[in-house]
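A.B. asks: This is the structure I have questions about; it appears just below.
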């Protein structure tokens, strides 16, 4: 079964990032900010403390699923509009 080649959204900050490597600290921060989140709000959304989010961002050996979670994070505005934050 072939996997469809999906073009990245040109307006997306993360569309040009090589998914075979981890995000840099600056890329992770920019991804979070571009989606309208702060570390504190993201921590509340994820059910952890802001310090934990910061440790994840700054960990050069973090697990890949954290980067996947940041890339797929919904916009904070959409979450607020649905009344889930």
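A.B. asks: Would you please name the residue that is farthest from residue 21 (Cα to Cα), looking only at residues in region 43-85 that are in a loop (DSSP other than H, G, I, E, B) and touching a helix residue (DSSP H, G or I) at 6+ places or on another chain (Cβ under 7 Å)?
C.D. replies: For region 43-85, the residue satisfying everything is 85.
Residue-wise test of (1) on the phi > 0 side of the Ramachandran plot; (2) at pLDDT 90 or above.
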{"residue": "11", "(1), (2)": "no, no"}
{"residue": "21", "(1), (2)": "no, no"}
{"residue": "42", "(1), (2)": "no, yes"}
{"residue": "83", "(1), (2)": "yes, no"}
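A.B. asks: Residue by residue through region 62-76, note down the ones that are over 18 Å from residue 38 (Cα atoms) and loosely packed, with under 14 Cβ neighbours inside 10 Å.
C.D. replies: Filtering region 62-76 down to residues over 18 Å from residue 38 (Cα atoms) leaves 62-65.
The answer is 63, 64, 65.
A.B. asks: Taking region 45-61 on its own, how many of its residues are surrounded by 12 or more Cβ atoms within 10 Å (Cβ to Cβ) and either on the phi > 0 side of the Ramachandran plot or at pLDDT below 95 (or both)?
C.D. replies: Within region 45-61, the first condition is being surrounded by 12 or more Cβ atoms within 10 Å (Cβ to Cβ), and the residues that meet it are 45-46, 48-50, 52-57, 59.
After this cut, where a residue has to be either on the phi > 0 side of the Ramachandran plot or at pLDDT below 95 (or both) as well, the list is none.
Of the residues in region 45-61, 0 are surrounded by 12 or more Cβ atoms within 10 Å (Cβ to Cβ) and either on the phi > 0 side of the Ramachandran plot or at pLDDT below 95 (or both).
The values are calculated or read from the model by the stated rules, or taken from the named source; none is laboratory data. None of the values given here were measured: they were computed from a predicted structure. Note: ideal-geometry Cβ built from the backbone for every residue, glycine included; neighbour counts use all protein chains shown.
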